[in-house]
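The structure appears below as structure tokens.
The values are calculated or read from the model by the stated rules, or taken from the named source; none is laboratory data. Treat the numbers as computed from the prediction; the structure is a model and nothing was measured. Positions of Cβ are backbone-derived with ideal geometry, glycine not excepted, and every protein chain shown enters the neighbour counts. Ligands, DNA and RNA are excluded from the accessible area calculation, which covers all protein heavy atoms including side chains. Shrake-Rupley method; radii C 1.70, N 1.55, O 1.52, S 1.80 Å.
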Amino acid sequence: MFDAELKRAKTTLEFIEEESLTSLQAQWTLLDPSRVLQVLINLMTNAIKFTRTESERKIVITMGASTSKPSETNPSNIQYVRKSNTSPDQTKKAEWGTGEILYLCIAVQDTGRGLDESEIKNLFLGNF
């Protein structure tokens, strides 16, 4: 999907599948694919855009899974953006079924300038 844009921007892309995806043996997950795709497209577009001026242009996408809820302290040093307290937990609805909850972690890292505190705070406001 981003091959031409990455090539034009002279940016490398690496995809890492963590061992957790295999070890948890999840055959499938129920999620909102449109929402996940929208977030990934936004993150990739921004990563490409903000690495253009850097001498090293690299994007790394890492995907893993866990049966325990992610915490702010984690071995990968991923910074989680808290969801709004007013947003209801959609997985409590009957249509989500009664299977085991699996937390997917998709991290996009790049060699761009990064986000300051105010940008992080407002990251997902108004997107959904």
Exercise for the section: Assess whether SER71 counts as being modelled with pLDDT under 85 and open to solvent by less than 60 Å² (accessible area, probe 1.4 Å). Expected result: yes
Practice task
Run ALA65 past the list (1) within 26 Å of ALA94 (Cα to Cα); (2) touching an Asp or Glu at 6+ places or on another chain (Cβ under 7 Å); (3) surrounded by 13 or more Cβ atoms within 10 Å (Cβ to Cβ) and report the number of the one that doesn't hold.
Solution key: (2)
Completion exercise
Those residues of region 24-52 which are under 15 Å from CYS105 (Cα atoms), assigned to a helix (DSSP H, G or I) and open to solvent by less than 80 Å² (accessible area, probe 1.4 Å) amount to VAL36, VAL39, LEU40, LEU43
Exercise for the section: Write out, first by first residue and then by second, each pair whose Cβ atoms fall under 7 Å of each other, whose residues are 6+ apart or on separate chains, and whose first residue, in region 109-120, is under 23 Å from PHE15 (Cβ atoms) while the second is part of a loop (DSSP other than H, G, I, E, B). Expected result: THR111/GLU54; THR111/GLU56; THR111/ARG57; GLY112/GLU54
Practice task
Within region 12-23, track down each residue that is in a loop (DSSP other than H, G, I, E, B) and within 30 Å of ARG113 (Cβ to Cβ).
Solution key: GLU18
